Amino acid sequence: MDILFTNGTIRTLERRSPMAQALLVRDGRVAAVGSRTAAEDQAGIDVRRVDLAGRTLLPAFLDAHSHFTAVANQFLQVDLSGCRSWADIQDRIRDYIRREGIPAGQWVTAQGYDHNQLLEGRHPDRACLDRAAPENPVVICHQSGHMGVFSTAALERLGVTGDTPCPAGGVIGRENGVPTGYMEENAFLEFQKQVPMMPLEAFLGAYRKAQDLYASHGITTVQEGLLRRELVPLYQALLADGSLKLDVVAYGDPEGVAEARRAFPDSVRQYQEHFKLGGYKMFLDGSPQGRTAWLRQPYAGEAEYRGYGTLTDAQALDMVRRAGAEGMQLLAHCNGDAACAQYLAALETAAREGVDLAAMRPVMIHAQLLGRDQLPAVKRLGVIPSFFVAHVYHWGDIHWENLGADRADHISPAGSAARQGLPFTFHTDAPVIPPDLLETVWCAVNRETRSGRRLGPEERVDARTALEAVTVNAAFQYFEERDKGTLAPGKRADLVLLDRDPLTAPSEELRDIQVLETWKDGVPIFRRGEKTPCNFRRED
């Protein structure tokens, strides 16, 4: 059956024909877009007419970087977002154990605290967690995902003692030689992945909830931002169960990619049951709000401390060579400008050795402190910066303190990148923040912090440029520009229906725009409420 959308604002985001009166969908793809008469003429006898009722239809959003499994895992653990003290953290953990009936000895995991928002102004320690759950091993993860804290029972289960060596590119907190429970970067990631996973059935239910969450924000393409070997069995179950309704693009470490290739040989750079293995991911530093991002100049108030890198120059270059040799894309987590410099240097060397960077489309994830002086190299090497521009709102005030006014003003330098003619994308890094790309668009256009401070007005972009970053450019980043990102004949009918037009709404209201419906391949997968404007009403 054909589906014909009319009576609303249809933004195609195509440069030559940016608006249309009607959109015709057939077999999950756009069959026609343009005038109502032309679309009517192409429609078959059996056609379902959708009255947009004056609302706005756009191509669905693509989140250029997030962590799909981690978003799902949020539904299986304690939510610490919004905690304002150690006592709040303890209360949340106690309430969860009581509400869920967690037995003594079972692991308890929690996510989402931010030490910058705590009354104590610092990370909790193991004693804090011991008081919250004296009979359970506990691990809590920082909102950034780059650090966290283990309870005493958790440290004992993992065999962490005062003599445990610290993985390179990480920190194990110790006081008088005794672990405090706090770890960051590679140390935290290494021990976190040793925590037992929840039962498979619980995860399958959580994945369904995660997809519903993304779809409620108009997103139909998501990312598994770090596919480790341990996650491959979960995806095997997802594909066998037919549970995926969103497209998931996975990027992994070498072990994860090798395991995924064995499990899903038909998914390399192409979808298999909505799953695609996109390439490799490497971390080159930490987070600026956690003061572990690797900077060229010291943090404000520090004489020498500049954060630190997590890989050597040789290791970074080896990853570029590996991706190039295997014809895979490479994503590099770079928050600080020193990490950005390391990535650019590795790409430069690889290009001289003959690696085809244009075929790789290397991506610089976050690029928070990417220097304006580094943008010419980014353009020359064909790097796609994917800015976590919502940092401006969520941690802009913290960056002002940690980095000083000038560097804080130029975090996520989208305006400078736009003036260089660079194709860049925006992402949410969910579950670090919710996968709300309309909030991200608002952040890019307004650059306002929580306190109302405006950061770097010259780095603002207009609404159309911001929308292109989460549609047109994001599709290009995923090598899917022929299938997604705009509304044009032959492309997938991945659509989002909004209650207002983001290109005419006042800039300060962009994050208040509501997603009313989300369609994947011509099928509605989300509707807000029982009554929606997209009600398949037949027109007379």
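Tabulated results
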quantity	calculated
Asp91 under 30 Å from the mean Cα position of the chain (by Cα), open to solvent by 10 Å² or more (accessible area, probe 1.4 Å), closer than 22 Å to Leu246 by Cβ and of a type in the set (Asp, Glu)	no
Which listed residue, of Val138, Val149, is open to solvent by less than 60 Å² (accessible area, probe 1.4 Å) and at pLDDT 95 or above	Val149
Verdict on Ala187 being open to solvent by less than 10 Å² (accessible area, probe 1.4 Å) and without any contact (Cβ under 8 Å) to a residue 24 or more places away in the chain	yes
Subset of region 281-301 that is at pLDDT below 95 and either of a type in the set (D, E, K, R) or on the phi > 0 side of the Ramachandran plot (or both) - its residue that is most open to solvent (accessible area, probe 1.4 Å)	Gly301
Conditions (1) in contact with a helix residue (DSSP H, G or I) (Cβ under 8 Å, 6 or more places away or on another chain); (2) surrounded by 19 or more Cβ atoms within 10 Å (Cβ to Cβ): number failed by Thr471	(1)
Failed condition for Glu259, given (1) among the charged types (D, E, K, R); (2) surrounded by fewer than 17 Cβ atoms within 10 Å (Cβ to Cβ); (3) assigned to a helix (DSSP H, G or I)	(2)
Condition met for Leu129 (under 27 Å from Asp429 (Cβ atoms), of a type in the set (A, V, I, L, M) and surrounded by fewer than 24 Cβ atoms within 10 Å (Cβ to Cβ))	no
Any chance Thr161 is open to solvent by 40 Å² or more (accessible area, probe 1.4 Å), within 29 Å of Asp285 (Cα to Cα) and modelled with pLDDT of 90 or more	yes
Condition met for Arg306 (over 16 Å from Ser144 (Cα atoms), among the basic types (Lys, Arg), touching a residue at least 12 places away in the same chain (Cβ under 8 Å) and surrounded by fewer than 24 Cβ atoms within 10 Å (Cβ to Cβ))	yes
Selection from region 94-119 of residues that are at negative phi, part of a loop (DSSP other than H, G, I, E, B) and open to solvent by 20 Å² or more (accessible area, probe 1.4 Å)	Ile102, Pro103, Ala104, Gln106, Trp107, Leu119
Hey, Glu509 more than 26 Å from Met360 (Cα to Cα) and surrounded by fewer than 17 Cβ atoms within 10 Å (Cβ to Cβ) or not	yes
Only one of Val383, Val363, Val378 that is within 14 Å of Tyr478 (Cα to Cα), in contact (Cβ under 8 Å) with a residue 12 or more places away in the chain, crowded, with 24+ Cβ neighbours inside 10 Å and over 17 Å from the mean Cα position of the chain (by Cα)	Val383
Checking Glu201 against (1) within 22 Å of Leu155 (Cα to Cα); (2) at pLDDT below 90, the condition it does not meet	(1)
Matching residues, region 378-435, being among the small types (Gly, Ala, Ser) and part of a helix (DSSP H, G or I)	Gly396, Ala405, Ala408, Ala414, Gly415, Ser416, Ala417, Ala418
Pick from region 79-88, criterion in contact with a strand residue (DSSP E or B) (Cβ under 7 Å, 6 or more places away or on another chain) and more than 30 Å from His274 (Cβ to Cβ), ranking: surrounded by the most Cβ atoms within 10 Å (Cβ to Cβ)	Cys83
Lone unmet requirement of (1) buried (at least 22 other Cβ atoms within 10 Å of the Cβ); (2) on the phi > 0 side of the Ramachandran plot; (3) not aliphatic (A, V, I, L, M) for Gly242	(1)
All positions within region 42-73 that are open to solvent by 20 Å² or more (accessible area, probe 1.4 Å) and either in contact with a Pro (Cβ under 8 Å, 6 or more places away or on another chain) or in contact (Cβ under 8 Å) with a residue 60 or more places away in the chain (or both)	Arg48, Arg49, Ala53, Gly54, Arg55, His67, Ala70, Asn73
Long-range neighbours under 9 Å by Cβ, at least six apart or interchain, first residue over 23 Å from Arg527 (Cβ atoms) within region 191-212, second in a helix (DSSP H, G or I) and hydroxyl-bearing (Ser, Thr, Tyr)	Phe203/Thr69
Where a residue in region 263-280 is open to solvent by 10 Å² or more (accessible area, probe 1.4 Å) and its partner, wherever it lies, is part of a helix (DSSP H, G or I), with Cβ under 6 Å and at least six apart	Ala263/Val232; Ala263/Gln236; Gln272/Asp266; Glu273/Leu239; Lys276/Ser267
Every pair of residues 6+ apart whose Cβ atoms lie under 8 Å, when the first sits in region 309-326 and is touching a residue at least 60 places away in the same chain (Cβ under 8 Å) while the second is polar (S, T, N, Q)	Gly309/Gln342; Thr310/Asn186; Leu311/Gln342
Failed condition for Asp318, given (1) open to solvent by less than 10 Å² (accessible area, probe 1.4 Å); (2) in a helix (DSSP H, G or I)	(1)
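The values are calculated or read from the model by the stated rules, or taken from the named source; none is laboratory data. The shown structure was predicted, so the numbers you read here are calculated from the model rather than taken from an experiment. Note that we place each Cβ from the backbone using ideal geometry, even for glycine, and neighbour counts take in every protein chain shown. Note: accessible area is taken over every heavy atom of the protein model, side chains too, but ligands, DNA and RNA are not part of it. Shrake-Rupley method; radii C 1.70, N 1.55, O 1.52, S 1.80 Å.
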